[in-house]
Amino acid sequence: MNEIYLIRHGETEWNVQGRFQGKLDSALTGTGARQAEAIGKRLARLGLSFDVFVTSPLGRTRQTAAIIAGCVHLPEANCDDRLAEVSLGSWDGLTHIDIDAQWPGLLDGSTPFDWFFKSPDGESYDAAFERVECWLRERQGVTIAVSHGLVSRIIRGAYCGLPKTEALSLPVPQDVIWRLSSGRIEPVYVG
């Protein structure tokens, strides 16, 4: 059986501030640590045997994965660059206000989600899609994966064959475990 239990990192300081982290990092807040612990306890109660425990290499996901591992009694997660958040290039670490001030008019006409890919030096949707699709094709057995908001949308969209606009509008709460199995996606825990 191939199943993926997909988790977004817990809330970070920059999430609270409205900063887009991309490839940069900020620490989990107390809320973020509690979210990770609740997810870990829920995974432990599921009583599943996991074949792979993998995380993005970024600090906020590694911190989340370490908390989860302590609850589920898993070894340290392996890092996979393909699970890293989409880079916004020079917009990493900025807020919408910062972006509008430094690149006036560049986001005009953007949707709530396609603006992520308008950075002049950020990662394209197609590049992000290609790396997560490659990661999905390699999955065997039962996987726990800790990743990020935007890349989680792309993973779930690729898994279900959704068009870009639908994939980018998927919800990305930080207190949900998504199970990807048999071509379907369902939440198995909502905090």
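The values are calculated or read from the model by the stated rules, or taken from the named source; none is laboratory data. Small disclaimer: the values here were computed from a predicted structure and weren't measured. Methodologically, a virtual Cβ is constructed for each residue, glycine included, from the backbone with ideal geometry; neighbour enumeration extends over all protein chains shown.
Tabulated values for the structure
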| quantity | calculated |
| --- | --- |
| Those strands (runs of 3 or more DSSP E) lying entirely in region 90-191 with at least 3 residues at pLDDT 95 or above and surrounded by 19 or more Cβ atoms within 10 Å (Cβ to Cβ) | 142-147, 176-181 |
| Any hit, region 97-108, residues being within 24 Å of Leu28 (Cα to Cα) and out of contact with any Leu (no Cβ under 7 Å at 6 or more places or on another chain) | yes |
| Selected residue (only one of Cys134, Cys160 is in contact (Cβ under 8 Å) with a residue 24 or more places away in the chain and touching a strand residue (DSSP E or B) at 6+ places or on another chain (Cβ under 7 Å)) | Cys160 |
| Matching residues, region 18-67, being over 16 Å from Gln174 (Cα atoms), of a type in the set (Val, Ile, Thr) and touching a helix residue (DSSP H, G or I) at 6+ places or on another chain (Cβ under 7 Å) | Val54 |
| Leu74, sole failed condition from (1) in contact with a Phe, Trp or Tyr (Cβ under 8 Å, 6 or more places away or on another chain); (2) hydrophobic (A, V, I, L, M, F, W, C); (3) closer than 11 Å to Ser147 by Cα | (3) |
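Residues are listed down the side, and each one gets a yes or a no for (1) in contact with a Cys (Cβ under 9 Å, 6 or more places away or on another chain); (2) within 26 Å of Cys160 (Cβ to Cβ); (3) of a type in the set (S, T, N, Q):
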{"site": "Leu6", "(1), (2), (3)": "no, yes, no"}
{"site": "Asn15", "(1), (2), (3)": "no, yes, yes"}
{"site": "Gln21", "(1), (2), (3)": "no, yes, yes"}
{"site": "Glu37", "(1), (2), (3)": "yes, no, no"}
{"site": "Gly47", "(1), (2), (3)": "no, no, no"}
{"site": "Arg82", "(1), (2), (3)": "yes, yes, no"}
{"site": "Leu88", "(1), (2), (3)": "no, yes, no"}
{"site": "Gln102", "(1), (2), (3)": "no, no, yes"}
{"site": "Asp108", "(1), (2), (3)": "no, no, no"}
